[in-house]
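K.L.:
Got a structure here, written out as structure tokens. Questions coming.
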Amino acid sequence: MDVLFIMQVQEQADRQTAIRAAFPKEGLFAEKEWLLSPDAFPIDRKSLADLEQLGHRLFVFQRACNQLYQLSVKGKQPEWVARYLDAGKPKELIEFSRRKEIRDDLPQVIRPDLILTEKGYIIAEIDSVPGGIGLTGWLNQTYSSFDNDIIGDANGMLEGFRAVVPNGADIVISQESIKPYLEEKMWFALFWLQPLREFWRRELGDKYFIKLQEIIPYSWLLDPTPLPQHAVIPRLEIHDWREAAKFSQKDRDLLLKVSGFSPLGWGSRGIALGSDLPHADWEKRIERALATFESSPTILQQFHKGRLLEHSYWDPDSGELKLMKGRVRLCPYYFVETDRVKLRGALATIAPADKKFVHGMSEAILVPSKVQ
């Protein structure tokens, strides 16, 4: 038998042993499982350089979002911005989020959900209160024991926390974000609205504005407010949202997403792909979104299909090393440090090709990322 092959088999076995031995006895997630892989997800140096630059662009974008909301509250930008963002939220939470002492505070950890496509990637959403930080830190440490090219290295996530709070900090567990308006998916729809175009160009700068247009999917707010008789909804060329309910399956390559302050606003619970739904279900969802807009806004978003890639994993039943053909969600973690926005790790979720939405599931592979 070929000596190189024997060495490779032994290396894979050693990696499996190292990964399983690193699991804490109490586990990482309650009743959650995923497929284990001997290999981190590879990212080439050019793509890594772009990822590193993305962090500052998103920081500037979130700063602009915060500014737009505050100016809307003061009447210096359209009042409907704050009205949209406050929809369905308790009065006391709205009042708290507007307090002067936290007015300029921004998230210290930024995690976008990137879907890798044939042309590069798009941002499915931006999470300002991201999960997966501990998992990514554990994966980075575990895989760094046998791979020297892990993005963020073994302790990058921990170092990010130290840099964010260099003098230490109190830990507070809250049921809600202090600033819930920053959690809304509707920011992508607001980004594309023509009346706000000059605000975004001014606050982001031309370069960042153009770069973000390339990766933020076009989105619409399903606002039931009637339009003037001469107006149409941009790109869809319809006068009333109920016309969208009549779209053919080919024209329904669109995502319906509950925007934010709702039990359906996280994970894939509040997401539906129009082309996957029977026409009657699509029509019902459009009607429901219009009926509940004032309490639970919904957005419509262009769907970008992830490109297919192959990645190795161990079959949980046989233990055999196999290849999965799947689509990738990449979640880079950016820490807003004193003088920079630093990429400290990137969690890759690879879901089977037959899954339209890429998220953590028992059939998915979860691994850290490495420099190719």
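The values are calculated or read from the model by the stated rules, or taken from the named source; none is laboratory data. On a predicted model such as this, the values are computed, not experimentally measured, just so you know. Cβ placement follows ideal geometry from the backbone for every residue including glycine, while neighbour counts extend to all protein chains displayed. All accessible areas refer to the heavy atoms of the entire protein, side chains included, with ligands and DNA or RNA removed. Shrake-Rupley method; radii C 1.70, N 1.55, O 1.52, S 1.80 Å.
K.L.:
Contact list please: Cβ distance under 6 Å, first residue in region 42-65 and closer than 23 Å to L309 by Cα, second residue open to solvent by less than 10 Å² (accessible area, probe 1.4 Å), pairs at least six apart or on different chains.
P.N.:
Cβ pairs passing all conditions: I43/S369; L51/P332.
K.L.:
Here's a follow-up. Considering only region 77-90, I want to know if a residue exists there that is without any contact (Cβ under 8 Å) to a residue 24 or more places away in the chain, open to solvent by 30 Å² or more (accessible area, probe 1.4 Å), among the charged types (D, E, K, R) and over 27 Å from G306 (Cα atoms).
P.N.:
yes
K.L.:
Also, quick follow-up: Give me the strands (runs of 3 or more DSSP E) completely within region 283-372, filtered to those with at least 2 residues that are open to solvent by 20 Å² or more (accessible area, probe 1.4 Å) and either modelled with pLDDT under 95 or on the phi < 0 side of the Ramachandran plot (or both), ordered by residue number.
P.N.:
Hits in region 283-372: 309-314, 321-336, 341-352, 365-371.
K.L.:
Output the number of residues of region 145-183 satisfying the condition of being among the acidic types (D, E) and at pLDDT below 90.
P.N.:
3
K.L.:
Something else now. If we scan region 168-182, do we find a residue that is within 27 Å of I271 (Cα to Cα), surrounded by 17 or more Cβ atoms within 10 Å (Cβ to Cβ) and hydrophobic (A, V, I, L, M, F, W, C)?
P.N.:
Looking through region 168-182, at least one residue is within 27 Å of I271 (Cα to Cα), surrounded by 17 or more Cβ atoms within 10 Å (Cβ to Cβ) and hydrophobic (A, V, I, L, M, F, W, C).
K.L.:
Only one residue in D105, D147 is more than 20 Å from the chain's Cα centre (by Cα) and open to solvent by less than 20 Å² (accessible area, probe 1.4 Å), so which one is that?
P.N.:
D147 is the lone residue from the list that is more than 20 Å from the chain's Cα centre (by Cα) and open to solvent by less than 20 Å² (accessible area, probe 1.4 Å).
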